[in-house]
Amino acid sequence: MSIIRSLTAGERLAALAGLVAAFAALAGFVPGIYRDAHALVVQSNGQDAATLVFCLPVLAVGLVAAAHGSVRGRIMVLGADAYLLYTYAVYAFVGLLGPATPLQIAVVGLSAWALLATLAAPAAMPREADAAVGQALPRRPTAAFMFVVAALFAVAWLGQIAGAVTSGVRPQALIDAGWPTSPMYTLDLAFVLPLMALTGWGLLRRRPGTAALAGPLLVFTPMLSLGVLTMSVFAAFDGQAFDVVMAAMFSVIAVLGAGLAFRTLSPTNISPTAPQAPHRLNTRQATQ
């Protein structure tokens, strides 16, 4: 209970989102919970496995660290929470109505309100994170990573959209899933990719607050890539087509992103805060 009391309102909501997501992911393996096309059910099970294996452990470690005043932990929580919001928004907006739908909506709501609560909190967190992360963050490699990822997916998604517009035929993956369109087009092109590009530009220009934004993105991006890879593996074992090029691209993104995240958020690079002030970072410590 002392850990829960030490968390901010946003972190408590993120913890609750993770708890509901754990239940939803486990329930996803129960036959009949998902009522989509078989190909999509298999992919959803892959995403559920990734949530259980990758996201929730990172979220749990981040929450424990955040409760002890670690800025690194708070950044991990933000990245994992963003993953939950993105992943379950896809489920909630295109999945067929079924027993899992209320759980999916709950995760979307809780994770979204967790992010809003964090953004609406006093500005201490961005300042603390910027001071701590800014010393460890390799700015140019991280900026290059952000630019390349944003460009790759912008080209890929816009290419698919253009192909469907000109031919009148949806991409095969959408046909197999029974989707009229992909929510990932909107989520990526409207929000994630512009945010990554702006973050990369801000890192090169050394704009205040950008390093604090880069931290959660470096947690979110490899985690999401690992989720897509897990989905692809589940689909391949089911006999579905396996896109080697896309799998290789996501693998590289996952490895590079995880490496940058580890370099930036390593405990040896970010000093812990004093125990008596769990949500305030000693800026002099962070810059040493």
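Does residue 7 satisfy the condition of being at pLDDT below 95 and either among the aromatic types (Phe, Trp, Tyr) or more than 26 Å from residue 175 (Cβ to Cβ) (or both)? Don't jump to the end; show me each part of the working.
Values: at pLDDT below 95: yes; either among the aromatic types (Phe, Trp, Tyr) or more than 26 Å from residue 175 (Cβ to Cβ) (or both): yes.
Yes; evaluated as a whole, the condition is true for this residue.
What number of residues within segment 4-32 are of a type in the set (Ser, Thr, Tyr) and under 19 Å from the mean Cα position of the chain (by Cα)?
So in segment 4-32, the residues of a type in the set (Ser, Thr, Tyr) come out as 6, 8.
Among the residues that remain, those that are also under 19 Å from the mean Cα position of the chain (by Cα) are: none.
The qualifying residues number 0.
Tell me, yes or no, whether segment 96-104 has at least one residue that is assigned to a helix (DSSP H, G or I), touching a residue at least 60 places away in the same chain (Cβ under 8 Å) and within 13 Å of the chain's Cα centre (by Cα).
We begin by selecting, within segment 96-104, every residue assigned to a helix (DSSP H, G or I); these are 101-104.
So of that shortlist, the ones also touching a residue at least 60 places away in the same chain (Cβ under 8 Å) come out as 103-104.
Filter once more, so that each one left must be within 13 Å of the chain's Cα centre (by Cα): none.
Within segment 96-104, not a single residue is assigned to a helix (DSSP H, G or I), touching a residue at least 60 places away in the same chain (Cβ under 8 Å) and within 13 Å of the chain's Cα centre (by Cα).
Given the criterion touching a Gly at 6+ places or on another chain (Cβ under 7 Å), assigned to a helix (DSSP H, G or I) and on the phi < 0 side of the Ramachandran plot, identify the matching residue among 154, 143.
Numbers: 154 fails: touching a Gly at 6+ places or on another chain (Cβ under 7 Å).
Within the list 154, 143, the selection yields 143.
For residue 25, which of the numbered conditions (1) assigned to a helix (DSSP H, G or I); (2) surrounded by fewer than 22 Cβ atoms within 10 Å (Cβ to Cβ) fails to hold?
(2)
Yes or no: residue 48 of a type in the set (Asp, Glu), at pLDDT below 95 and within 19 Å of residue 102 (Cβ to Cβ)?
Details: of a type in the set (Asp, Glu): yes; at pLDDT below 95: no; within 19 Å of residue 102 (Cβ to Cβ): yes.
The answer is no for residue 48.
For the condition part of a helix (DSSP H, G or I), more than 18 Å from residue 228 (Cα to Cα) and in contact (Cβ under 8 Å) with a residue 12 or more places away in the chain, what is the one hit in 58, 77? So that I can check it myself, show each step before the final result.
Details: 58 fails: more than 18 Å from residue 228 (Cα to Cα).
That would be 77, the only listed residue that is part of a helix (DSSP H, G or I), more than 18 Å from residue 228 (Cα to Cα) and in contact (Cβ under 8 Å) with a residue 12 or more places away in the chain.
Quick one: would you say residue 214 is surrounded by fewer than 15 Cβ atoms within 10 Å (Cβ to Cβ), on the phi < 0 side of the Ramachandran plot, at pLDDT 90 or above and not acidic (Asp, Glu)?
Working: surrounded by fewer than 15 Cβ atoms within 10 Å (Cβ to Cβ): no; on the phi < 0 side of the Ramachandran plot: yes; at pLDDT 90 or above: yes; not acidic (Asp, Glu): yes.
Considered against the rule, which asks whether it is surrounded by fewer than 15 Cβ atoms within 10 Å (Cβ to Cβ), on the phi < 0 side of the Ramachandran plot, at pLDDT 90 or above and not acidic (Asp, Glu), residue 214 comes out as no.
Test residue 188 against the criterion of being among the charged types (D, E, K, R) and either modelled with pLDDT of 90 or more or under 14 Å from the mean Cα position of the chain (by Cα) (or both), and give yes or no. Outline the logic, then answer.
Details: among the charged types (D, E, K, R): yes; either modelled with pLDDT of 90 or more or under 14 Å from the mean Cα position of the chain (by Cα) (or both): yes.
Yes, satisfied.
Can you tell me which residue within segment 75-95, out of those that are of a type outside the set (A, V, I, L, M, F, W, C) and within 14 Å of the chain's Cα centre (by Cα), is nearest to residue 18 (Cα to Cα)?
The extreme case among them is 81.
Given the conditions (1) closer than 26 Å to residue 181 by Cα; (2) surrounded by 16 or more Cβ atoms within 10 Å (Cβ to Cβ); (3) in contact (Cβ under 8 Å) with a residue 60 or more places away in the chain, report the number of the one that residue 7 does not fulfil.
Unmet for residue 7, out of (1) closer than 26 Å to residue 181 by Cα; (2) surrounded by 16 or more Cβ atoms within 10 Å (Cβ to Cβ); (3) in contact (Cβ under 8 Å) with a residue 60 or more places away in the chain: (1).
Against the conditions (1) more than 23 Å from residue 265 (Cα to Cα); (2) crowded, with 18+ Cβ neighbours inside 10 Å, where does residue 78 fall short? Just the number, please.
The number of the failed condition is (1).
Report yes if residue 88 is modelled with pLDDT of 95 or more, in contact with a Ser or Thr (Cβ under 9 Å, 6 or more places away or on another chain) and farther than 30 Å from residue 136 by Cα, otherwise no. Talk me through it step by step, then tell me what you get.
Numbers: modelled with pLDDT of 95 or more: yes; in contact with a Ser or Thr (Cβ under 9 Å, 6 or more places away or on another chain): yes; farther than 30 Å from residue 136 by Cα: yes.
In short, yes.
Restrict the check to segment 227-242 and report whether at least one residue is free of Cβ contacts under 8 Å to residues at least 60 places away in the same chain and among the polar types (S, T, N, Q).
So far as segment 227-242 goes, no, none of its residues is free of Cβ contacts under 8 Å to residues at least 60 places away in the same chain and among the polar types (S, T, N, Q).
This table checks each residue for (1) in contact with a Gly (Cβ under 9 Å, 6 or more places away or on another chain); (2) under 18 Å from residue 259 (Cα atoms); (3) of a type in the set (Lys, Arg).
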residue: 191; (1), (2), (3): no, no, no
residue: 205; (1), (2), (3): no, no, yes
residue: 214; (1), (2), (3): yes, yes, no
residue: 226; (1), (2), (3): no, yes, no
residue: 231; (1), (2), (3): yes, no, no
residue: 235; (1), (2), (3): yes, no, no
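The values are calculated or read from the model by the stated rules, or taken from the named source; none is laboratory data. The model shown is predicted, which means the values in this text are computed figures rather than measured ones. In this analysis, Cβ positions are derived from the backbone assuming ideal geometry, glycine residues included, and neighbour counts consider all displayed protein chains.
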